[in-house]
Amino acid sequence: MKRHFTTTHQDHRVALLAALAITIHIIEAAFPSPLPGVKPGLANVVTLFTFMMYGWKTALQVSLLRVIISSLLLGTFLSPTFLLSLSGALLSLGSLIITQSLFYFLPQRTYLQPSAIGYAIVASISHMGGQFLMAWYFFIPHPGIFKLLPILITFAVILGIVSGIITQLTLSQLTKAPITKTRSTKR
Amino acid sequence: MTKTITRKLLLFEPADILILISACFLTVWLYSTFWFDLSSVGEAETLLVQFADHSPKAYSLSEDQIINVKGRLGPALIEIKQRKARFIHSSCRNQFCVFHGWLSVAGDTTACLPNRVSISLKGTTNDYDAIAGAQ
């Protein structure tokens, strides 16, 4: 008995993007970080890009695949690192969805909608916040750890802007449209 | 090419700037909440000893004593002497808390994360008078 599995275009897209995210995640894991907990989070560029191009469902698939498979490859599956990574990824995606639905009620003009930079800042802060709350709740339940939170959030904002710019450049290159869509045509 | 890229990089949408400003407000609020706590200003009066997320116990600095605290890994001994405080023994592996030495100024904190015991010095409640008196 032979079974046929048909794959759709969507499956290929998810697989491609997840493979890209996993590669970036693993390369990034090889570099030492200057401060514990601070990483550039370049793998989140892929998640954000997917979110902005194909919507939250694809982004959720890509992000979950990225977290699970890269943890299997790095040997941290079901370890504290994995839990931190998973909670960060889920919370940042959740906050992206919330931000999008908040701005949904505004008119769909380009200047009223946040670009990838705004979304990246939100995602970065919530990623850091999710990991931090997870670490505080499960691993170091001590109020002293909150002294570290302002520094971490500062780094999250800066790195969020950087990854947002990268995402925005990628988006504009791939869609072959200038970023200033409405405004540049008006002028 | 470089010209277009710099033009693109500088282009934040107004909604982005809104998000960025609120992020900055959040950061400033976090700094003011967790770093510039007013009770850590002024002359050190009391020692707060805390285990995990239990509510901290306060000890007066005017009385020399040795406090025995039960941590997660084992006992920790904290000494108060001449209005200063330090860890003299801890059951943790790295002993960072013991090597940190004396705490003498309000706001000083030593935390032993493996053992989940932290000590910090708190100032007088009348902070502004303490600052005015110092000047």
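The values are calculated or read from the model by the stated rules, or taken from the named source; none is laboratory data. Just so it is clear, the structure is predicted and the values come from calculations on it, not from any experiment. Don't worry about glycine lacking a Cβ; one is built from the backbone with ideal geometry, like all the others, and counts go over all protein chains shown.
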What is the one condition in (1) farther than 15 Å from A:A89 by Cβ; (2) assigned to a helix (DSSP H, G or I) that A:S33 does not satisfy? (2)
For region A:161-180, how many residues meet the condition of being more than 10 Å from every other protein chain (Cβ to nearest Cβ), in a loop (DSSP other than H, G, I, E, B) and either closer than 19 Å to A:L112 by Cβ or at pLDDT 90 or above (or both)? 1
I'd like the full set of residues that are out of contact with any Ser or Thr (no Cβ under 9 Å at 6 or more places or on another chain) and surrounded by 19 or more Cβ atoms within 10 Å (Cβ to Cβ), limited to region A:78-98. A:L84, A:S87
At the interface with chain B (Cβ under 7 Å from one of its Cβ atoms) and crowded, with 18+ Cβ neighbours inside 10 Å - does that describe any residue in region A:126-141? no
Tally of residues being more than 14 Å from the chain's Cα centre (by Cα) and in contact (Cβ under 8 Å) with a residue 60 or more places away in the chain across region A:71-116: 4
Do we have A:T50 as part of a loop (DSSP other than H, G, I, E, B) and either buried (at least 16 other Cβ atoms within 10 Å of the Cβ) or in contact with a Ser or Thr (Cβ under 8 Å, 6 or more places away or on another chain) (or both) here? no
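Taking region B:13-25 on its own, how many of its residues are of a type in the set (A, V, I, L, M) and either in contact with a helix residue (DSSP H, G or I) (Cβ under 7 Å, 6 or more places away or on another chain) or within 7 Å of chain A (Cβ to nearest Cβ) (or both)?
Narrowing region B:13-25 to residues of a type in the set (A, V, I, L, M): B:15, B:17-21, B:23.
From what is left, the residues that are either in contact with a helix residue (DSSP H, G or I) (Cβ under 7 Å, 6 or more places away or on another chain) or within 7 Å of chain A (Cβ to nearest Cβ) (or both) are B:15, B:19-20, B:23.
Within region B:13-25, residues that are of a type in the set (A, V, I, L, M) and either in contact with a helix residue (DSSP H, G or I) (Cβ under 7 Å, 6 or more places away or on another chain) or within 7 Å of chain A (Cβ to nearest Cβ) (or both) number 4.
From the list A:I145, A:I158, exactly one residue is farther than 19 Å from A:A89 by Cα and either modelled with pLDDT under 90 or more than 7 Å from chain B (Cβ to nearest Cβ) (or both). Which is it? Please lay out each step first, then the result.
Numbers: A:I158 fails: farther than 19 Å from A:A89 by Cα.
Result: A:I145 is the single residue among A:I145, A:I158 that is farther than 19 Å from A:A89 by Cα and either modelled with pLDDT under 90 or more than 7 Å from chain B (Cβ to nearest Cβ) (or both).
Would you confirm whether any residue within region B:49-62 is part of a strand (DSSP E or B), at negative phi and among the basic types (K, R)? Step through it out loud before you land on a result.
First, the residues of region B:49-62 that are part of a strand (DSSP E or B): B:49-51, B:57-60.
The next check asks that each one be at negative phi; those that pass are B:49-51, B:57-60.
From what's left, among the basic types (K, R): B:57.
Looking for residues that are part of a strand (DSSP E or B), at negative phi and among the basic types (K, R), one finds at least one in region B:49-62, hence yes.
What is the residue count in region A:63-122 for residues that are outside any helix (DSSP H, G or I) and away from chain B (no Cβ under 14 Å)? I'd like the intermediate steps shown before the answer.
Quick first cut of region A:63-122, residues outside any helix (DSSP H, G or I) only: A:75-79, A:105-115.
Going one step further and asking which of them are away from chain B (no Cβ under 14 Å), we end up with A:75-79.
The number of residues fulfilling the criteria is 5.
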